[in-house]
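Worksheet: one structure, shown below.
The values are calculated or read from the model by the stated rules, or taken from the named source; none is laboratory data. What you are looking at is a predicted structure, and each value in this text was computed from that prediction instead of being measured. All Cβ positions, glycine included, derive from the backbone under ideal geometry; neighbour counts span all protein chains shown.
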Amino acid sequence: MRPLLHKIPFLADTSFLYMSWECEYFDKPWHFHKEYELVLIEKADGTRFIGDQVGNFKDGDLIFIGPNIPHLYRNNERYYEKKGLVAKSIFIHFTDDSLGKSFFELPEMKWVRRLLERSSLGFEIHGKSNHYVKQKLLEMKEESPARRLLSLLDILIFLSTSKDLKSILSKGFTASNSQDTDKINIVLQYIMDNYRNEIYLEEIASRLNMSRASFSRYFKQHTRKTFSDYVTEIRIGHACRLLMENNHNVSEICYLSGFGNLSNYYRHFKKHIRVSPKTYKQRFLSNARP
């Protein structure tokens, strides 16, 4: 399940990468890189895989991850089924030396240094901090390279004292620096193609020329979760999205998300989300009302 090393091409006149990206769908494979990454989902939705965590992403999501954390963003099915949809994001990649060798070791950068250390588990940016950083990233589209450098520093200083940051990865997660094959892409593609139906462990194991037992050990070693738990998280994420869309009743969503029966669906949903599907739907619709 090893991710691919992705080398970031910086421009000749910049010390870090700022990119506004627009495409039909996000197509980067399961990968990691040596740079820190700040990414804003400007317009898109789907499933994100970051380290040992699986979750949904949507417009306005803002994530900051440290070096060597494997990740992948996969759009929802409709992006691949028809033309005309657009996936947009803004991201920044930078290194410890982007602002000058040992810059982040200066006394004035003490809190930023702690922020960068905290990014080893990645974090989501919420609330007022999300709004502030999102606005800064949008304004950077029109800024000169020098101004962008100042804006990056402003964002890091702002985030270093923010209370709106929520860690993503499990404590004890260790970032990867391997350059193995793209086996994880085969596994994730198989899961995303089949999670709404019954999934057979033997089939995906055979695609990787592994026995069922060997694949189970290999998968857990590299994701810190069993294959079954991983698939369940994706099904729960899909169910949450359908509940928010409010186009199906709670029972229908059970089967549309790949759960074989209602008791399994309710048990796993309550375990992961802490409330029942019905309560989750009611709370979302109540908060969504103007």
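Give just the number: which of (1) modelled with pLDDT of 90 or more; (2) touching a Gly at 6+ places or on another chain (Cβ under 7 Å) does Arg196 not satisfy?
(1)
Of everything in segment 69-121, what is assigned to a helix (DSSP H, G or I) and of a type in the set (D, E, K, R)? Give them in sequence order. It would help to see each step written out before you state the result.
Keep residues of segment 69-121 that are assigned to a helix (DSSP H, G or I), which gives 78-81, 103-105, 107-121.
Those that are assigned to a helix (DSSP H, G or I) and of a type in the set (D, E, K, R): Arg78, Glu81, Glu105, Glu108, Lys110, Arg113, Arg114, Glu117, Arg118.
Under 6 Å by Cβ, and 6 or more places apart or on different chains, what pairs join a residue from segment 186-212 that is more than 22 Å from Tyr80 (Cα to Cα) with one that is part of a helix (DSSP H, G or I) and of a type in the set (Ser, Thr, Tyr)?
Once the first residue is more than 22 Å from Tyr80 (Cα to Cα) and sits in segment 186-212, its partners that are part of a helix (DSSP H, G or I) and of a type in the set (Ser, Thr, Tyr) give Ile204/Tyr190.
Filter segment 30-53 down to residues that are part of a loop (DSSP other than H, G, I, E, B) and closer than 12 Å to Phe94 by Cβ and give me whichever is modelled with the highest pLDDT.
In the first step, residues of segment 30-53 are kept if they are part of a loop (DSSP other than H, G, I, E, B); the result is 30, 33-35, 44-45, 51-52.
If we keep only those that are closer than 12 Å to Phe94 by Cβ as well, we get 33-35.
Working: His33: 86, Lys34: 88, Glu35: 92.
Only one residue fits best here, namely Glu35.
So Ser20 ticks every box in (1) surrounded by fewer than 16 Cβ atoms within 10 Å (Cβ to Cβ); (2) under 24 Å from Tyr230 (Cβ atoms) but one. Which box is left unticked?
(2)
Of everything in segment 141-175, what is touching a Leu at 6+ places or on another chain (Cβ under 9 Å), of a type in the set (S, T, N, Q) and modelled with pLDDT under 85? Give them in sequence order.
Ser170
Just the residues that are loosely packed, with under 13 Cβ neighbours inside 10 Å, in contact (Cβ under 8 Å) with a residue 24 or more places away in the chain and farther than 20 Å from Ile191 by Cβ, please, taken from segment 237-279.
Asn246
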